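For reference, the structure discussed in these notes is given below.
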Amino acid sequence: MSGFLGSAASAAGIRLRMAGAALGAAGRLAVRGARAYGGAEGRAARIAALLGTTENQRRIFALLRATSPNLVLSRRLIAAYENTGTVIVTRHADVTEVLERESDFAVVYEPKMRAITAGENFFLGMQDSAAYTRDVSNMRLAVRRTDLPDVVVPYVAREAAAIVAASRGRIDVPATLTLPVLTGLVGAYFGTPGPSATEMAQWTTRMFWYLFVDLAGEEAVSRPALDAAAACRAYLDEAIAERKAAPAGTDDVLARCLALQAAGAPGMDDLRIRNNLIGLLIGLVPTLSKASVKALDTLLDRPDALAAAQRAAREDDDAALARVLWEALRFDPVNPFIYRRAVRDTMIARGTLRARMVPQGAMVLAANLSAMFDPIALDQPETFRADRPAHAYILWGYGMHTCFGAHINQAVIPQLLKPLLRCQGLRRTGPVDGAGTPFPVHFPVAFDSI
């Protein structure tokens, strides 16, 4: 009986704190909203900026978790994909439920994937199927986890250290550190450097923007993305043909794909190799650059967290450094939600007071940012703590469509930032600047000594 009473009291306490957090969030949002409405000119832009900050998104989610944890709307908030309305899911248990129920909540990327490849789908846009299993299995044979300590980590560590050492105390993080190292990795590890590092970065960023970020279906985004896709396809077609005509003798991803083709592996013709490579390159360069910048930016706002990251970097404790960086990304992840579309009328959170019927065709926004701040699932979610268990983080997706390169992300990001975090007097000298894009283009920082 005492155990039951203790559990009930604990649950009541969590819900009281949740209600208090919701009231506080509502108050702060009201104040900021009033400021945004304070002038006639540019009001829409100011409101969009208000809702677009991660800090305010966390406040909105805190309010929803307490009042409408599964909010069903008839309004279509996403125009880029066909849908009949919107459902916003905010509790950790419900977010993971949506992402686990692949047969009820489908990925929607297929039309844009086919536009990128000029015909075929890529496995990120597939439901659970024989084609999905075949393509993922093939690429797991080409992109091996054993490559991380042997190839990927040494390359990234070496290149990042050289860039920081040559920077003379000032560095523009995405422009001169993360993007150059990542595009170099594309050449050294995948065997597809592109005509230039700049073009590879531009191609992958524009295609990623079109596939995953452009929820309004804007022609200003789709046109350059499809031009980039055409250029990338042409480059990869030529690279595959040249490698087949004159093998380079290298052990990179492209060489492994061609070896599988020569061995008669199904689904490894030139076209499928090209399309799988496009999908992997899109996921690597912009994602890891953005995640690295966001993690560093978060640390620079938190002196204690920054000190912990720097201590781990100077001691070469990669595991400790990674834990600090994942906690930093919890506060500002690459994406605040993961979207799916309901295949049929179906219930979420069945058997609870927050159970809701999701209509067929509705776009479901599984708010991973909110889930990572759910006090029912996480202890003291508003506190920066680097000792959290792995299940606290939904940074690279969840379920069947967890990011194919999640293990690469986890190995590369600490190595990208470690040389910079070793420096004394590390500080920002300007804000993160997307230059009109949803990706960090500039982030100037300085340091006193290495």
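What number of residues within the range 400-433 satisfy the criterion of being under 25 Å from L211 (Cα atoms) and in a loop (DSSP other than H, G, I, E, B)?
5
Applying the selection to the range 181-195, what residues are more than 19 Å from the chain's Cα centre (by Cα) and part of a helix (DSSP H, G or I)?
G184, G187, A188, Y189, F190
Restricting attention to the range 209-219, does a residue exist that is assigned to a helix (DSSP H, G or I) and more than 15 Å from I282 (Cα to Cα)?
Scanning the range 209-219 turns up at least one residue that is assigned to a helix (DSSP H, G or I) and more than 15 Å from I282 (Cα to Cα).
From the list A234, A228, which one is free of Cβ contacts under 8 Å to residues at least 40 places away in the same chain, closer than 14 Å to M113 by Cα and assigned to a helix (DSSP H, G or I)?
A228
Within the range 153-176, which residues are crowded, with 22+ Cβ neighbours inside 10 Å and closer than 30 Å to I240 by Cβ?
Selection gives V156, A160, P174.
Can you tell me which residues in the range 376-402 are surrounded by fewer than 19 Cβ atoms within 10 Å (Cβ to Cβ), farther than 20 Å from A309 by Cβ and touching a residue at least 24 places away in the same chain (Cβ under 8 Å)?
Listed by number, the residues that qualify are I376, A377, G397, G399, M400.
Only one of (1) assigned to a loop (DSSP other than H, G, I, E, B); (2) over 30 Å from R134 (Cα atoms); (3) not hydrophobic (A, V, I, L, M, F, W, C) fails for S370. Which number is that?
Going through (1) assigned to a loop (DSSP other than H, G, I, E, B); (2) over 30 Å from R134 (Cα atoms); (3) not hydrophobic (A, V, I, L, M, F, W, C) one by one, S370 breaks only (1).
Collect the residues in the range 160-176 that are touching a residue at least 12 places away in the same chain (Cβ under 8 Å) and not in a helix (DSSP H, G or I), keeping them in residue-number order.
G169, R170, I171, D172
Within the set of pairs 6+ apart or on separate chains, which have a first residue in the range 298-319 that is closer than 24 Å to P154 by Cα, a second that is β-branched (V, I, T), and C-beta atoms under 6 Å apart?
Sorted first by the residue in the range 298-319, then by its partner, the pairs are A308/V324; A309/V324.
Would you confirm whether or not the range 204-213 contains a residue that is surrounded by fewer than 21 Cβ atoms within 10 Å (Cβ to Cβ) and more than 28 Å from M363 (Cα to Cα)?
no
Give the residues of the range 336-350 that are surrounded by fewer than 19 Cβ atoms within 10 Å (Cβ to Cβ), part of a loop (DSSP other than H, G, I, E, B) and not acidic (D, E), sorted by residue number.
P336, V343, R344, A349, R350
Which one of the conditions (1) modelled with pLDDT of 95 or more; (2) closer than 14 Å to W326 by Cα; (3) out of contact with any Leu (no Cβ under 7 Å at 6 or more places or on another chain) does T429 fail to meet, given that it meets all the rest?
Against the list (1) modelled with pLDDT of 95 or more; (2) closer than 14 Å to W326 by Cα; (3) out of contact with any Leu (no Cβ under 7 Å at 6 or more places or on another chain), T429 comes up short only on (2).
Checking V108 against (1) part of a helix (DSSP H, G or I); (2) within 30 Å of A362 (Cβ to Cβ); (3) aliphatic (A, V, I, L, M): exactly one of these is not met. Which one?
Single failed check for V108: (1).
Filter the range 264-316 for residues that are within 28 Å of L141 (Cβ to Cβ) and of a type in the set (K, R) and give the result.
Once the filter is applied, which keeps residues that are within 28 Å of L141 (Cβ to Cβ) and of a type in the set (K, R), the range 264-316 yields R272, R274.
Could you please give the count of residues in the range 434-450 that are part of a strand (DSSP E or B) and surrounded by 15 or more Cβ atoms within 10 Å (Cβ to Cβ)?
Number of matching residues: 4.
Scan the range 244-264 for residues that are in a helix (DSSP H, G or I) and touching a Ser or Thr at 6+ places or on another chain (Cβ under 9 Å) and report the count.
2
The values are calculated or read from the model by the stated rules, or taken from the named source; none is laboratory data. Bear in mind the structure is a predicted one, so any value in this text is a computation, not a measurement. Glycine also receives a Cβ, built like all others from the backbone with ideal geometry; neighbour counts cover every protein chain displayed.
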